[in-house]
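*Asks:* Take a look at this one; I'll ask things after.
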Amino acid sequence: MKDIATLWWDDELGGIRFIDQTLLPEKYAIVRCTTIDRLVTAIKRLEVRGAPALGVAGGYGVALAAANCPESSYPAFVKKVTRDALLVHESRPTAVNLSWGVDRVLARVQAASGVSEAKDAALAEAKAIAAEDTRCCHAIGGFGADLLPDECTVLTHCNAGALACSTWGTALGVIRSALAAGKKVNVIACETRPLLQGARLTAWELARDGIDVTVITDSMAAHIMRTGKIDAVIVGADRITKDAVFNKIGTYMHAVCANYHGIPFYVAAPISTFDATRLEKDVIIEERGREEIALVGNRTLLPDGVPVRNFAFDATPMDLVRAIITEKGVVVPPFDINELVARSTTY
C-alpha cells in the first residue's frame, strides 16, 4: 500500500493541486487551483472534503492568498490576505480543521515583518501542516491497529481515508496500518447517503489498495451488527467538542446500534479536530441543498414542492464512544478534551 496524495502545493504552478472527489470513481482528475475563488468553490462543492484535508486546504488557501496578493505595503497586504482567508474560513461551518488551518497560517502572515517574509512564512507553515497531517495519520493508524483483533470485520461510515486527509487516512489509516502489521481485516463500507462518499470514495480507495471491502446501504448496518458479523466500528470526525463527536450524518445511528449490540465504536481523529471550547449546542450543523436528495443525475426522485432536510453531519454523545484514537495515543472515557489539547504539542 502506498499513500494517495489528495492535495498538495505545486511550486511550479504557484498554487494547489487536488483530486476532484466529485468525479470519483468514474474519473480520476487533478485540478489546478490558482485562485481563492476556485478553492472556495472546491470546498463548497466537496471537490475537497474531509476534516484533516480541509485543514490542509485552509493552510494552503492562506498561502495562495499571500502568493497572489499584489499589495506592496505590508499593512495593505495583511488586510487583503486576511479578507481572502476569511472567505476560505467561512466556506464550510462544521469542520473545525478548516478554520484551524486558516488561523494557523494567517498568524504567521500577521507576525511577519514585511511582505516577502509573510509570503515565505505562509507557504512554509502550510507545507508544515500537510507534512504533520501525514505523520499524524500514520501515528493514528499505528495506535488504532493495536485495538483490532488479528482477524476482524470493521464497519465504517463516509470516507475517513487518504481522500479525507493529505495521505493515508484516519479511520482507514487504522485499517491500512492493521493490514501492514499482518492482521486480516475485512471492511464493510456504508454507502453514506445522499452523496455516497462510502460507496464512491471509501470503496474506491480500498479497492485500489486491494483491501477486501463490501458496500451496504446505510439502513443495513443494524441488521448486520445483529447477525454478529461486525467486530468494530471505526469512523472519523469533523469536530470533537467536550460532549460530542460530529461526523457525517448517520454516524449517531451507527453508534447507538453498536452500543446496543456490544460492538466497540471508535473515533479516529487528529487533535486538530478537537474543539475544547465548545459544547454540542454551540456548533452549527451544515444543511446542504435540496438537489442532493431530490436528484440523482438527471432523474428527479421527489415531487415538486416537497421540502427536504439535508443535514450534512450529526452529533454522537461521548458516552457511546469506546475510545478516540489520536496521534498522541488512544483516549478512553472519561474524556477530558481540555487536558488532552492542553498537553499536546505539534506532532
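Every number here is computed from the coordinates shown, using simple stated rules; none is lab data. In this text, all values refer to a predicted model and were calculated from it rather than measured experimentally. Every residue, glycine among them, receives a Cβ derived from its backbone with ideal geometry; neighbour counts consider all protein chains shown.
*Asks:* Among Asn97, Asn186, Asn159, which one shows the biggest mean-square fluctuation in a GNM of the chain, springs joining Cα atoms closer than 10 Å?
*Replies:* Its mean-square fluctuation being the largest, the pick is Asn186.
*Asks:* In nm, to one decimal, how far is the modelled label at Glu26 from the one at Asp319, with both set 7 Å along Cα→Cβ?
*Replies:* Modelled inter-label distance: 4.6 nm.
*Asks:* Same structure, new question: Between [x] 61, 42, 41; [y] 85, 55, 39; [z] 66, 52, 40, which entry matches Cα extents along the principal axes in Å as derived from the coordinates of this structure?
*Replies:* [z]
*Asks:* Separate question: Could you list Tyr266, Tyr60, Tyr28, Tyr74 so that the one with the fewest beta carbons within 10 Å of its beta carbon is first and the one with the most is last?
*Replies:* Fewest to most other Cβ atoms nearby, the residues stand as Tyr28, Tyr74, Tyr266, Tyr60.
*Asks:* Next question. Rounded to the nearest 0.05, what FRET efficiency is calculated for Ala124 and Leu301 with R0 set to 45 Å and r the Cβ-Cβ distance?
*Replies:* Efficiency at R0 = 45 Å is approximately 0.40.
*Asks:* Counting helices only, and only those DSSP H runs with n ≥ 4, report the 222 nm mean residue ellipticity of the chain as the sum of -39,500 (n - 2.57) divided by its residues, in deg cm²/dmol to the nearest 500.
*Replies:* -12000 deg cm²/dmol
*Asks:* Roughly how far apart, in whole Å, are the Cα centres of segment 244-261 and segment 107-147?
*Replies:* 31
*Asks:* How large is the dipole of the chain about the Cα centre if only Lys and Arg carry +1 and Asp and Glu carry -1, each at its Cβ, rounded to the nearest 20 debye?
*Replies:* The dipole of the chain has a size of about 280 debye.
*Asks:* If you rank Met220, Met225 by fewest surrounding Cβ atoms within 10 Å, what's the result?
*Replies:* Met220, Met225
*Asks:* Then there is this: If each of Ala181 and Glu287 carries a label point 7 Å out from its Cα toward its Cβ, how far apart are those two points in nm?
*Replies:* Modelled inter-label distance: 4.3 nm.
*Asks:* Given labels modelled 7 Å from the Cα in the Cβ direction, how far is it in nm from Arg278 to Glu117?
*Replies:* Once both label points are built, they end up 3.4 nm from each other.
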